[in-house]
Amino acid sequence: MTVATPSLAINGGPAELEGLPALPSWPRFGPEEERGLLEVLHSGAWGSTHGDVVATFEREFARSQQAEHAIALGNGTLALVAALRAAGVGVGDEVIVPPYTFIATAAAALFVGAVPVFADVDADSHLLDPAAVESVVTERTKAVIPVHLAGNVADMTAFAELGRRLGLTIIEDAAQAAGAQWEGRGVGTIGDLGTFSFQSSKNLSAGEGGIVTTNDKDLAGAVYSLVNVGRVPGGGWYQHDAVGYNLRLTEFQGAILRAQLARLPEQQQLRERNALALAEQLAGVEGVVVAPTDERVTAHGRHLFLFRVPGLGAQGLRDAAAAALAAEGIPAATGYVPLHRNDALLRESGALASKLGQPVPEADCPNADLVSSDTLWLTQSVLLGSEEQIGAVGRAIAKVVGRADDLR
(Lines give C-alpha, C1' and ligand atoms only; values in the text may rest on other atoms or scores of the structure.)
Protein backbone atom coordinates (compact mmCIF):
# COMPACT_ATOMS: atom_id res chain seq x y z
CA MET A 1 0.00 0.00 0.00
CA THR A 2 1.33 3.45 -0.92
CA VAL A 3 1.25 6.06 1.83
CA ALA A 4 0.69 9.63 0.65
CA THR A 5 3.36 12.13 1.61
CA PRO A 6 2.00 14.75 3.99
CA SER A 7 1.61 18.17 2.38
CA LEU A 8 3.10 20.14 5.25
CA ALA A 9 6.87 20.12 5.57
CA ILE A 10 6.57 19.78 9.34
CA ASN A 11 4.84 16.46 8.69
CA GLY A 12 7.41 15.27 6.17
CA GLY A 13 6.29 16.96 2.97
CA PRO A 14 8.49 19.13 0.72
CA ALA A 15 9.14 22.66 1.96
CA GLU A 16 7.89 25.51 -0.21
CA LEU A 17 11.32 27.15 -0.23
CA GLU A 18 13.06 23.88 -1.05
CA GLY A 19 15.38 24.42 -3.99
CA LEU A 20 15.37 28.20 -3.55
CA PRO A 21 18.11 30.25 -1.89
CA ALA A 22 17.60 30.95 1.80
CA LEU A 23 15.67 34.10 2.52
CA PRO A 24 17.89 37.17 3.11
CA SER A 25 19.59 37.54 6.47
CA TRP A 26 19.99 40.75 8.45
CA PRO A 27 21.87 43.03 8.91
CA ARG A 28 23.17 43.74 5.44
CA PHE A 29 26.30 45.80 4.85
CA GLY A 30 28.87 46.64 2.26
CA PRO A 31 32.14 48.48 1.63
CA GLU A 32 30.49 51.76 2.66
CA GLU A 33 30.22 50.63 6.29
CA GLU A 34 33.76 49.23 6.25
CA ARG A 35 35.20 52.42 4.80
CA GLY A 36 33.34 54.60 7.29
CA LEU A 37 34.46 52.53 10.27
CA LEU A 38 38.10 52.62 9.17
CA GLU A 39 37.96 56.37 8.64
CA VAL A 40 36.72 56.86 12.20
CA LEU A 41 39.29 54.38 13.54
CA HIS A 42 42.21 56.17 11.92
CA SER A 43 40.89 59.64 12.74
CA GLY A 44 41.32 59.06 16.47
CA ALA A 45 38.05 60.97 17.01
CA TRP A 46 35.96 58.08 18.26
CA GLY A 47 33.47 60.01 20.39
CA SER A 48 30.83 62.32 18.96
CA THR A 49 32.10 65.26 21.04
CA HIS A 50 35.35 65.17 19.06
CA GLY A 51 34.19 64.13 15.60
CA ASP A 52 31.49 65.18 13.17
CA VAL A 53 30.15 61.82 11.87
CA VAL A 54 27.24 61.59 14.32
CA ALA A 55 26.41 65.25 13.80
CA THR A 56 26.37 64.71 10.04
CA PHE A 57 24.13 61.67 10.43
CA GLU A 58 21.75 63.70 12.62
CA ARG A 59 21.39 66.29 9.85
CA GLU A 60 20.94 63.62 7.18
CA PHE A 61 18.34 61.72 9.21
CA ALA A 62 16.45 64.91 10.03
CA ARG A 63 16.32 65.74 6.34
CA SER A 64 15.13 62.24 5.44
CA GLN A 65 12.22 62.49 7.91
CA GLN A 66 11.52 66.19 7.17
CA ALA A 67 12.37 67.13 10.76
CA GLU A 68 13.98 70.39 11.81
CA HIS A 69 15.95 68.75 14.61
CA ALA A 70 17.32 65.25 15.30
CA ILE A 71 19.39 64.25 18.32
CA ALA A 72 21.04 60.81 18.26
CA LEU A 73 21.50 58.77 21.43
CA GLY A 74 22.18 55.30 22.81
CA ASN A 75 18.99 53.37 21.97
CA GLY A 76 15.28 53.62 21.27
CA THR A 77 14.29 53.09 24.90
CA LEU A 78 16.38 56.05 26.03
CA ALA A 79 14.96 58.05 23.14
CA LEU A 80 11.50 57.62 24.69
CA VAL A 81 12.82 58.51 28.15
CA ALA A 82 14.54 61.63 26.84
CA ALA A 83 11.44 62.69 24.91
CA LEU A 84 9.23 62.27 27.97
CA ARG A 85 11.59 64.21 30.21
CA ALA A 86 12.07 66.96 27.64
CA ALA A 87 8.28 67.34 27.52
CA GLY A 88 8.16 67.74 31.28
CA VAL A 89 6.57 64.37 32.05
CA GLY A 90 7.48 63.25 35.55
CA VAL A 91 6.44 61.80 38.87
CA GLY A 92 2.72 61.21 39.20
CA ASP A 93 1.84 61.95 35.59
CA GLU A 94 0.08 59.39 33.40
CA VAL A 95 1.23 58.39 29.93
CA ILE A 96 -1.20 56.56 27.64
CA VAL A 97 0.35 53.75 25.60
CA PRO A 98 -0.87 50.81 23.53
CA PRO A 99 -0.57 47.32 25.05
CA TYR A 100 0.43 45.72 21.74
CA THR A 101 4.00 47.01 21.47
CA PHE A 102 7.48 46.38 22.83
CA ILE A 103 7.83 46.75 26.60
CA ALA A 104 10.05 49.84 26.28
CA THR A 105 7.08 52.02 25.31
CA ALA A 106 5.46 51.49 28.71
CA ALA A 107 8.68 51.10 30.71
CA ALA A 108 9.90 54.53 29.57
CA ALA A 109 7.02 56.13 31.47
CA LEU A 110 8.04 54.30 34.64
CA PHE A 111 11.65 55.41 34.19
CA VAL A 112 10.56 59.06 34.57
CA GLY A 113 8.22 58.32 37.48
CA ALA A 114 5.03 58.35 35.44
CA VAL A 115 2.34 55.67 35.35
CA PRO A 116 1.69 53.94 32.00
CA VAL A 117 -2.02 53.66 31.18
CA PHE A 118 -3.11 51.21 28.50
CA ALA A 119 -5.65 52.06 25.81
CA ASP A 120 -6.79 49.43 23.34
CA VAL A 121 -5.68 48.98 19.75
CA ASP A 122 -7.70 48.62 16.58
CA ALA A 123 -8.01 44.90 15.87
CA ASP A 124 -7.47 45.28 12.13
CA SER A 125 -4.43 47.55 12.10
CA HIS A 126 -2.98 46.63 15.54
CA LEU A 127 -2.45 50.38 16.08
CA LEU A 128 -3.47 52.52 19.05
CA ASP A 129 -7.13 53.56 18.79
CA PRO A 130 -7.66 57.34 19.28
CA ALA A 131 -11.16 56.81 20.67
CA ALA A 132 -9.85 54.31 23.21
CA VAL A 133 -7.19 56.81 24.22
CA GLU A 134 -9.69 59.56 24.86
CA SER A 135 -11.78 57.23 27.01
CA VAL A 136 -8.91 56.79 29.53
CA VAL A 137 -7.70 60.41 29.73
CA THR A 138 -7.73 61.79 33.29
CA GLU A 139 -6.57 65.02 34.91
CA ARG A 140 -3.20 63.30 35.44
CA THR A 141 -2.67 62.46 31.76
CA LYS A 142 0.34 64.32 30.40
CA ALA A 143 1.31 62.47 27.22
CA VAL A 144 0.20 59.90 24.66
CA ILE A 145 2.60 57.61 22.79
CA PRO A 146 1.07 56.26 19.58
CA VAL A 147 3.27 53.50 18.16
CA HIS A 148 3.86 53.18 14.42
CA LEU A 149 3.88 49.41 14.71
CA ALA A 150 5.55 47.36 11.97
CA GLY A 151 6.21 50.55 10.00
CA ASN A 152 2.49 51.26 9.64
CA VAL A 153 1.41 54.70 10.86
CA ALA A 154 -1.08 55.45 13.61
CA ASP A 155 -3.82 57.99 12.87
CA MET A 156 -1.68 61.07 13.41
CA THR A 157 -4.42 63.41 12.24
CA ALA A 158 -6.57 62.25 15.13
CA PHE A 159 -3.71 62.17 17.65
CA ALA A 160 -2.43 65.63 16.73
CA GLU A 161 -5.96 67.02 17.12
CA LEU A 162 -6.38 65.19 20.43
CA GLY A 163 -3.13 66.65 21.71
CA ARG A 164 -4.12 70.20 20.78
CA ARG A 165 -7.63 69.90 22.19
CA LEU A 166 -6.68 68.32 25.51
CA GLY A 167 -3.27 69.90 25.96
CA LEU A 168 -1.41 66.58 25.79
CA THR A 169 2.09 65.94 24.51
CA ILE A 170 2.10 63.51 21.58
CA ILE A 171 5.26 61.43 21.28
CA GLU A 172 5.45 59.22 18.19
CA ASP A 173 7.14 55.90 18.89
CA ALA A 174 8.55 55.35 15.42
CA ALA A 175 11.08 52.70 16.45
CA GLN A 176 9.89 50.49 13.59
CA ALA A 177 9.02 53.23 11.11
CA ALA A 178 12.10 54.87 9.64
CA GLY A 179 11.12 56.23 6.25
CA ALA A 180 7.37 56.14 6.92
CA GLN A 181 5.09 59.09 6.09
CA TRP A 182 1.58 60.23 6.94
CA GLU A 183 -0.06 62.41 4.28
CA GLY A 184 3.39 63.18 2.87
CA ARG A 185 4.91 64.13 6.23
CA GLY A 186 7.65 62.06 7.78
CA VAL A 187 6.71 60.33 10.99
CA GLY A 188 8.35 61.79 14.05
CA THR A 189 7.46 65.31 12.87
CA ILE A 190 3.68 65.32 13.29
CA GLY A 191 3.45 64.98 17.06
CA ASP A 192 5.54 67.06 19.45
CA LEU A 193 8.44 64.59 19.39
CA GLY A 194 9.32 61.37 17.61
CA THR A 195 11.62 58.53 18.62
CA PHE A 196 13.40 55.93 16.50
CA SER A 197 15.48 52.83 17.21
CA PHE A 198 18.58 51.52 15.42
CA GLN A 199 18.67 48.19 17.26
CA SER A 200 19.91 45.09 15.44
CA SER A 201 16.60 44.07 13.84
CA LYS A 202 15.58 47.53 12.63
CA ASN A 203 15.51 48.55 8.96
CA LEU A 204 18.15 51.15 9.83
CA SER A 205 20.59 49.49 12.22
CA ALA A 206 23.88 50.04 14.00
CA GLY A 207 23.39 47.17 16.44
CA GLU A 208 22.09 49.71 18.96
CA GLY A 209 21.22 53.38 18.83
CA GLY A 210 18.30 55.75 18.63
CA ILE A 211 17.30 59.28 17.72
CA VAL A 212 14.74 61.87 18.79
CA THR A 213 13.15 64.19 16.23
CA THR A 214 11.14 67.37 16.70
CA ASN A 215 10.27 70.62 14.96
CA ASP A 216 10.31 72.50 18.28
CA LYS A 217 13.59 74.27 19.01
CA ASP A 218 13.06 74.31 22.78
CA LEU A 219 12.24 70.61 22.93
CA ALA A 220 15.29 69.88 20.77
CA GLY A 221 17.47 71.85 23.18
CA ALA A 222 16.03 69.97 26.14
CA VAL A 223 16.72 66.60 24.50
CA TYR A 224 20.24 67.69 23.55
CA SER A 225 20.89 68.67 27.16
CA LEU A 226 19.61 65.32 28.46
CA VAL A 227 21.86 63.47 26.00
CA ASN A 228 24.91 65.64 26.69
CA VAL A 229 25.21 65.83 30.50
CA GLY A 230 23.25 69.05 30.78
CA ARG A 231 25.20 71.04 28.20
CA VAL A 232 23.41 73.43 25.85
CA PRO A 233 23.79 73.62 22.06
CA GLY A 234 26.69 75.93 21.27
CA GLY A 235 27.59 76.32 24.96
CA GLY A 236 30.87 75.83 26.77
CA TRP A 237 32.36 72.46 27.66
CA TYR A 238 31.71 72.98 31.38
CA GLN A 239 28.47 74.88 30.90
CA HIS A 240 25.93 72.51 32.45
CA ASP A 241 22.68 74.45 32.59
CA ALA A 242 20.68 71.32 33.48
CA VAL A 243 21.23 67.90 34.95
CA GLY A 244 21.49 65.43 32.08
CA TYR A 245 22.61 61.93 31.24
CA ASN A 246 25.44 60.91 28.94
CA LEU A 247 23.55 59.08 26.17
CA ARG A 248 25.76 59.88 23.20
CA LEU A 249 26.43 57.63 20.23
CA THR A 250 29.99 56.86 19.17
CA GLU A 251 31.36 57.97 15.82
CA PHE A 252 31.64 54.29 14.85
CA GLN A 253 27.85 53.92 15.13
CA GLY A 254 27.40 57.15 13.23
CA ALA A 255 29.54 55.82 10.38
CA ILE A 256 27.45 52.65 10.10
CA LEU A 257 24.20 54.61 10.25
CA ARG A 258 25.24 57.01 7.50
CA ALA A 259 25.88 54.06 5.18
CA GLN A 260 22.67 52.34 6.24
CA LEU A 261 20.63 55.51 5.70
CA ALA A 262 21.99 55.94 2.17
CA ARG A 263 20.86 52.40 1.38
CA LEU A 264 17.43 52.67 3.05
CA PRO A 265 15.36 54.19 0.18
CA GLU A 266 16.24 51.42 -2.26
CA GLN A 267 15.56 48.74 0.34
CA GLN A 268 12.30 50.40 1.30
CA GLN A 269 11.13 50.31 -2.30
CA LEU A 270 11.90 46.60 -2.51
CA ARG A 271 10.11 45.87 0.77
CA GLU A 272 7.10 47.86 -0.37
CA ARG A 273 6.91 46.05 -3.70
CA ASN A 274 7.20 42.64 -2.07
CA ALA A 275 4.73 43.49 0.71
CA LEU A 276 2.11 44.58 -1.81
CA ALA A 277 2.70 41.46 -3.89
CA LEU A 278 2.38 39.22 -0.83
CA ALA A 279 -0.76 41.01 0.38
CA GLU A 280 -2.33 40.56 -3.07
CA GLN A 281 -1.41 36.87 -3.05
CA LEU A 282 -2.99 36.38 0.38
CA ALA A 283 -6.10 38.44 -0.35
CA GLY A 284 -7.94 35.39 -1.65
CA VAL A 285 -6.76 32.98 1.03
CA GLU A 286 -9.57 32.05 3.38
CA GLY A 287 -8.57 32.37 7.01
CA VAL A 288 -5.85 34.98 6.47
CA VAL A 289 -6.41 38.67 7.30
CA VAL A 290 -3.62 41.05 6.31
CA ALA A 291 -3.26 44.23 8.37
CA PRO A 292 -4.67 47.06 6.24
CA THR A 293 -2.89 50.32 5.45
CA ASP A 294 -4.75 53.62 5.76
CA GLU A 295 -4.73 55.53 2.48
CA ARG A 296 -3.20 58.48 4.37
CA VAL A 297 -0.05 56.39 4.90
CA THR A 298 1.91 57.71 1.95
CA ALA A 299 5.03 55.68 2.81
CA HIS A 300 5.02 52.52 4.91
CA GLY A 301 8.11 51.63 6.93
CA ARG A 302 7.60 47.87 6.26
CA HIS A 303 9.50 46.69 9.31
CA LEU A 304 7.15 43.74 9.73
CA PHE A 305 4.50 42.08 7.61
CA LEU A 306 1.56 41.40 9.94
CA PHE A 307 -1.32 39.05 9.26
CA ARG A 308 -3.94 37.42 11.42
CA VAL A 309 -5.19 33.83 11.33
CA PRO A 310 -8.41 34.16 13.38
CA GLY A 311 -9.56 30.58 12.89
CA LEU A 312 -6.25 29.13 14.00
CA GLY A 313 -6.08 31.54 16.90
CA ALA A 314 -9.53 30.53 18.11
CA GLN A 315 -8.41 26.88 18.08
CA GLY A 316 -5.13 27.63 19.84
CA LEU A 317 -3.18 26.66 16.72
CA ARG A 318 -1.44 29.94 15.92
CA ASP A 319 1.88 28.84 17.46
CA ALA A 320 1.66 25.52 15.65
CA ALA A 321 1.19 27.44 12.40
CA ALA A 322 4.36 29.43 13.11
CA ALA A 323 6.28 26.18 13.60
CA ALA A 324 4.83 24.79 10.38
CA LEU A 325 5.87 27.90 8.47
CA ALA A 326 9.38 27.58 9.87
CA ALA A 327 9.52 24.05 8.48
CA GLU A 328 8.52 25.47 5.09
CA GLY A 329 11.54 27.80 5.29
CA ILE A 330 9.59 30.87 6.45
CA PRO A 331 10.73 32.46 9.75
CA ALA A 332 7.39 33.50 11.25
CA ALA A 333 7.14 35.05 14.72
CA THR A 334 4.13 35.03 17.05
CA GLY A 335 4.63 38.59 18.24
CA TYR A 336 3.94 40.42 21.44
CA VAL A 337 2.36 39.28 24.66
CA PRO A 338 0.14 42.28 25.49
CA LEU A 339 1.69 44.60 28.02
CA HIS A 340 -1.44 44.96 30.12
CA ARG A 341 -0.83 41.27 31.01
CA ASN A 342 2.86 41.75 31.87
CA ASP A 343 3.41 41.03 35.56
CA ALA A 344 6.49 43.23 35.90
CA LEU A 345 4.76 46.29 34.46
CA LEU A 346 1.61 45.70 36.50
CA ARG A 347 3.67 45.29 39.66
CA GLU A 348 5.76 48.41 39.10
CA SER A 349 2.82 50.53 37.95
CA GLY A 350 0.70 49.42 40.88
CA ALA A 351 3.44 50.12 43.40
CA LEU A 352 4.07 53.58 41.96
CA ALA A 353 0.39 54.51 41.86
CA SER A 354 -0.11 53.31 45.41
CA LYS A 355 2.93 55.24 46.65
CA LEU A 356 1.53 58.38 45.03
CA GLY A 357 -1.92 57.79 46.50
CA GLN A 358 -3.41 57.46 43.04
CA PRO A 359 -5.85 54.82 41.82
CA VAL A 360 -4.23 51.91 40.01
CA PRO A 361 -5.29 52.17 36.35
CA GLU A 362 -7.26 49.18 35.08
CA ALA A 363 -6.85 48.16 31.46
CA ASP A 364 -9.72 47.03 29.27
CA CYS A 365 -8.05 45.96 26.03
CA PRO A 366 -9.96 43.07 24.42
CA ASN A 367 -8.61 43.82 20.95
CA ALA A 368 -5.03 43.56 22.18
CA ASP A 369 -5.85 40.21 23.76
CA LEU A 370 -7.44 39.08 20.50
CA VAL A 371 -4.65 40.05 18.12
CA SER A 372 -1.99 38.69 20.45
CA SER A 373 -3.59 35.25 20.05
CA ASP A 374 -3.93 35.13 16.27
CA THR A 375 -1.28 37.40 14.71
CA LEU A 376 1.84 36.22 12.89
CA TRP A 377 4.81 38.34 11.83
CA LEU A 378 7.27 38.17 8.99
CA THR A 379 10.40 40.23 9.59
CA GLN A 380 11.57 42.93 7.21
CA SER A 381 14.42 40.82 5.86
CA VAL A 382 11.86 38.42 4.35
CA LEU A 383 10.57 41.36 2.30
CA LEU A 384 14.04 41.76 0.78
CA GLY A 385 13.63 38.42 -0.99
CA SER A 386 13.23 37.76 -4.70
CA GLU A 387 9.91 37.65 -6.52
CA GLU A 388 10.18 33.86 -6.61
CA GLN A 389 10.84 33.68 -2.87
CA ILE A 390 7.91 35.95 -2.04
CA GLY A 391 5.67 33.72 -4.15
CA ALA A 392 6.86 30.72 -2.14
CA VAL A 393 6.15 32.57 1.11
CA GLY A 394 2.57 33.23 0.01
CA ARG A 395 2.06 29.61 -1.03
CA ALA A 396 3.45 28.39 2.30
CA ILE A 397 1.06 30.57 4.30
CA ALA A 398 -1.91 29.44 2.21
CA LYS A 399 -0.90 25.80 2.61
CA VAL A 400 -0.42 25.97 6.37
CA VAL A 401 -3.67 27.84 7.01
CA GLY A 402 -5.56 25.62 4.59
CA ARG A 403 -4.45 22.46 6.36
CA ALA A 404 -5.32 23.43 9.92
CA ASP A 405 -6.33 19.85 10.75
CA ASP A 406 -2.73 18.75 10.11
CA LEU A 407 -1.50 21.11 12.84
CA ARG A 408 -3.25 19.33 15.67
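Mind checking whether some residue in segment 54-70 is touching a residue at least 40 places away in the same chain (Cβ under 8 Å), under 30 Å from residue 341 (Cα atoms) and open to solvent by 10 Å² or more (accessible area, probe 1.4 Å)? The answer is no; no qualifying residue exists. If the condition is being of a type outside the set (A, V, I, L, M, F, W, C) and out of contact with any strand residue (DSSP E or B) (no Cβ under 6 Å at 6 or more places or on another chain), then segment 58-105 contributes 59, 60, 63, 64, 68, 74, 77, 85, 88, 90, 92.
So, of the residues in segment 105-127 that are assigned to a helix (DSSP H, G or I) and open to solvent by less than 10 Å² (accessible area, probe 1.4 Å), which turns out to be farthest from residue 357 (Cα to Cα)?
Kept after step one, since they are assigned to a helix (DSSP H, G or I), are these residues of segment 105-127: 105-111.
Keeping just the survivors that are open to solvent by less than 10 Å² (accessible area, probe 1.4 Å) gives 105-106, 108-109.
Working: 105: 24, 106: 20, 108: 21, 109: 18 Å.
Looking at residues that are assigned to a helix (DSSP H, G or I) and open to solvent by less than 10 Å² (accessible area, probe 1.4 Å), I get 105.
Return yes or no: is residue 301 part of a loop (DSSP other than H, G, I, E, B), on the phi < 0 side of the Ramachandran plot and in contact with a helix residue (DSSP H, G or I) (Cβ under 8 Å, 6 or more places away or on another chain)? Talk me through it step by step, then tell me what you get.
Numbers: part of a loop (DSSP other than H, G, I, E, B): yes; on the phi < 0 side of the Ramachandran plot: yes; in contact with a helix residue (DSSP H, G or I) (Cβ under 8 Å, 6 or more places away or on another chain): yes.
Spelling it out, residue 301 is indeed part of a loop (DSSP other than H, G, I, E, B), on the phi < 0 side of the Ramachandran plot and in contact with a helix residue (DSSP H, G or I) (Cβ under 8 Å, 6 or more places away or on another chain).
Each residue in segment 186-205 was checked for being farther than 15 Å from residue 97 by Cβ and either of a type in the set (A, V, I, L, M, F, W, C) or open to solvent by 30 Å² or more (accessible area, probe 1.4 Å) (or both), and 9 of them qualify.
Given the criterion closer than 28 Å to residue 25 by Cβ and either of a type in the set (Asp, Glu) or open to solvent by 30 Å² or more (accessible area, probe 1.4 Å) (or both), identify the matching residue among 208, 183.
Values: 183 fails: closer than 28 Å to residue 25 by Cβ.
Answer to the selection: 208.
Working carefully through the options 301, 254, 284, find the one that is more than 30 Å from residue 210 (Cα to Cα) and out of contact with any strand residue (DSSP E or B) (no Cβ under 6 Å at 6 or more places or on another chain). Only one candidate qualifies: 284.
Would it be correct to say that residue 296 is among the charged types (D, E, K, R), modelled with pLDDT of 95 or more and in contact with an Asp or Glu (Cβ under 9 Å, 6 or more places away or on another chain)?
Working: among the charged types (D, E, K, R): yes; modelled with pLDDT of 95 or more: yes; in contact with an Asp or Glu (Cβ under 9 Å, 6 or more places away or on another chain): yes.
Judged against the criteria, residue 296 is a match.
For segment 245-273, filtering for residues that are open to solvent by less than 30 Å² (accessible area, probe 1.4 Å), in contact with an Asp or Glu (Cβ under 8 Å, 6 or more places away or on another chain) and of a type in the set (S, T, N, Q) leaves 1.
Listed by first and then second residue, the pairs linking a residue in segment 350-379 that is under 27 Å from residue 138 (Cα atoms) to a residue that is of a type in the set (Lys, Arg) and surrounded by 14 or more Cβ atoms within 10 Å (Cβ to Cβ), with Cβ atoms under 8 Å apart and 6 or more places separating them unless they lie on different chains, are 358/140; 369/341; 371/308. Can you spot a residue in segment 3-23 that is open to solvent by 30 Å² or more (accessible area, probe 1.4 Å), without any contact (Cβ under 8 Å) to a residue 12 or more places away in the chain and assigned to a helix (DSSP H, G or I)? No, segment 3-23 has no match at all. The condition (being on the phi > 0 side of the Ramachandran plot and not in a helix (DSSP H, G or I)) is satisfied by just one residue among 284, 316: 316. Residue pairs whose Cβ atoms lie under 6 Å apart, sitting 6 or more positions apart in sequence or on different chains, and linking a residue in segment 185-208 that is more than 23 Å from residue 295 (Cα to Cα) to a partner that is among the aromatic types (Phe, Trp, Tyr) and surrounded by fewer than 24 Cβ atoms within 10 Å (Cβ to Cβ), do not occur here.
Only one of these is out of contact with any Ser or Thr (no Cβ under 7 Å at 6 or more places or on another chain), within 13 Å of residue 367 (Cβ to Cβ) and of a type in the set (Val, Ile, Thr): 121, 136, 95. Name it. Explain how you work it out, then say what you get.
On the way: 136 fails: within 13 Å of residue 367 (Cβ to Cβ); 95 fails: within 13 Å of residue 367 (Cβ to Cβ).
That would be 121, the only listed residue that is out of contact with any Ser or Thr (no Cβ under 7 Å at 6 or more places or on another chain), within 13 Å of residue 367 (Cβ to Cβ) and of a type in the set (Val, Ile, Thr).
For segment 354-408, a residue qualifies if it is within 26 Å of the chain's Cα centre (by Cα), part of a helix (DSSP H, G or I) and acidic (Asp, Glu), and the qualifying residues are 369, 374, 387.
The residues listed here are 51, 74, 92; of these, the one that is open to solvent by less than 60 Å² (accessible area, probe 1.4 Å), within 30 Å of residue 358 (Cα to Cα) and either in contact with a helix residue (DSSP H, G or I) (Cβ under 7 Å, 6 or more places away or on another chain) or not hydroxyl-bearing (Ser, Thr, Tyr) (or both) is 92.
Tell me, yes or no, whether segment 142-152 has at least one residue that is out of contact with any strand residue (DSSP E or B) (no Cβ under 8 Å at 6 or more places or on another chain), open to solvent by 10 Å² or more (accessible area, probe 1.4 Å) and not polar (S, T, N, Q). Spell out the reasoning first.
Start the filter on segment 142-152 by keeping residues that are out of contact with any strand residue (DSSP E or B) (no Cβ under 8 Å at 6 or more places or on another chain), which leaves none.
Looking for residues that are out of contact with any strand residue (DSSP E or B) (no Cβ under 8 Å at 6 or more places or on another chain), open to solvent by 10 Å² or more (accessible area, probe 1.4 Å) and not polar (S, T, N, Q), one finds none in segment 142-152, hence no.
The values are calculated or read from the model by the stated rules, or taken from the named source; none is laboratory data. Remember, it's a predicted structure, so these values are computed and weren't measured experimentally. Methodologically, a virtual Cβ is constructed for each residue, glycine included, from the backbone with ideal geometry; neighbour enumeration extends over all protein chains shown. The accessibility values were calculated without ligands, DNA or RNA, using every heavy atom of the protein model including side chains. Shrake-Rupley method; radii C 1.70, N 1.55, O 1.52, S 1.80 Å.
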